[in-house]
Amino acid sequence: MGRKRKERAARLLCAFPIVLKQYLRGIHDNDTCVGDILSPADLRSLKHVNNKPLHICNLLGKQIAQVPDTPLETREPVSFSARERLAMLGKISALSDCIGACERIVQTPVPLHYARHTSRLATIFVNTLPFVLARELGLLLVPTMAVICWALFGIQANRCLTRPLLYPPLHMLD
């Protein structure tokens, strides 16, 4: 492939998971996260597209396509065959398939009754846990329960705020 092509492909591969994470979270400013990984030209091209992870896959595909074929008759130490090119393009295609799978997961709404069951289960767990831990922890039970309640209900509150529900609450239907 050559040193420059290999280095650019490695940088694009390193930037891919970061850009995918930011894209799935809805953050559109990638300069702060991948500014030190990607070249200025790649950063400029990344600013002008909506689906940034797919654009990185396209850049990787173009980078692989630019590698010249080495005939099999020559015995050069660095050769790049059509089989290797197809294998690498297959891996890039698998990355782009992962983008679609991640988008489907993020955009799937959580039904309201699932959220309610989670909240009820956490409430039952937190209310019965002191009976199990009282004998082993003694007075340490109070701070332990405070931390456990903070963690469980904090996760529940954050999840309810960030994930859209499939059905609106009844008071919103009036």
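Residues that are within 18 Å of the chain's Cα centre (by Cα) and closer than 30 Å to Ala82 by Cβ: does segment 25-33 have at least one?
So the first thing to find is which residues in segment 25-33 are within 18 Å of the chain's Cα centre (by Cα), and the list is 25-33.
Still in the list and also closer than 30 Å to Ala82 by Cβ: none.
Scanning segment 25-33 turns up no residue that is within 18 Å of the chain's Cα centre (by Cα) and closer than 30 Å to Ala82 by Cβ.
With the requirement that a residue be within 30 Å of Pro17 (Cα to Cα), hydrophobic (A, V, I, L, M, F, W, C) and open to solvent by less than 100 Å² (accessible area, probe 1.4 Å), what does segment 101-143 give you?
Result: Ala101, Cys102, Val106, Val110, Ala115.
I'd like the residue in segment 7-30 that is surrounded by 12 or more Cβ atoms within 10 Å (Cβ to Cβ) and over 21 Å from Ile64 (Cβ atoms) and, out of all such residues, is modelled with the lowest pLDDT.
Within segment 7-30, the match that is modelled with the lowest pLDDT is Asn30.
Filter segment 1-41 down to residues that are assigned to a loop (DSSP other than H, G, I, E, B) and within 24 Å of Asp97 (Cβ to Cβ), then give me how many there are.
Qualifying residue count, segment 1-41: 7.
What pairs can you find where one residue is in segment 95-107 and on the phi < 0 side of the Ramachandran plot and in contact (Cβ under 8 Å) with a residue 40 or more places away in the chain, the other is surrounded by 12 or more Cβ atoms within 10 Å (Cβ to Cβ) and not in a helix (DSSP H, G or I), and their Cβ atoms are less than 6 Å apart, with a gap of 6+ or different chains?
none
When segment 42-61 is examined, which residues are found to be over 16 Å from Pro17 (Cβ atoms), open to solvent by 20 Å² or more (accessible area, probe 1.4 Å) and modelled with pLDDT of 90 or more?
Once the filter is applied, which keeps residues that are over 16 Å from Pro17 (Cβ atoms), open to solvent by 20 Å² or more (accessible area, probe 1.4 Å) and modelled with pLDDT of 90 or more, segment 42-61 yields only Asn58.
Return the pairs, sorted by first residue and then second, in which the second residue is open to solvent by 60 Å² or more (accessible area, probe 1.4 Å) and not in a helix (DSSP H, G or I), the first residue lies in segment 112-138 and is modelled with pLDDT under 90, the beta carbons are less than 7 Å apart, and the residues are 6+ apart or on different chains.
If the second residue must be open to solvent by 60 Å² or more (accessible area, probe 1.4 Å) and not in a helix (DSSP H, G or I), the pairs left are Leu112/Leu165; Leu112/Leu166; Leu112/Tyr167; Ala115/Leu165.
The values are calculated or read from the model by the stated rules, or taken from the named source; none is laboratory data. Bear in mind the structure is a predicted one, so any value in this text is a computation, not a measurement. No Cβ is skipped: glycine too gets one built from the backbone with ideal geometry, and neighbour counts run over all protein chains shown. Heavy atoms of the whole protein, side chains included, go into the accessibility calculation; ligands, DNA and RNA do not. Shrake-Rupley method; radii C 1.70, N 1.55, O 1.52, S 1.80 Å.
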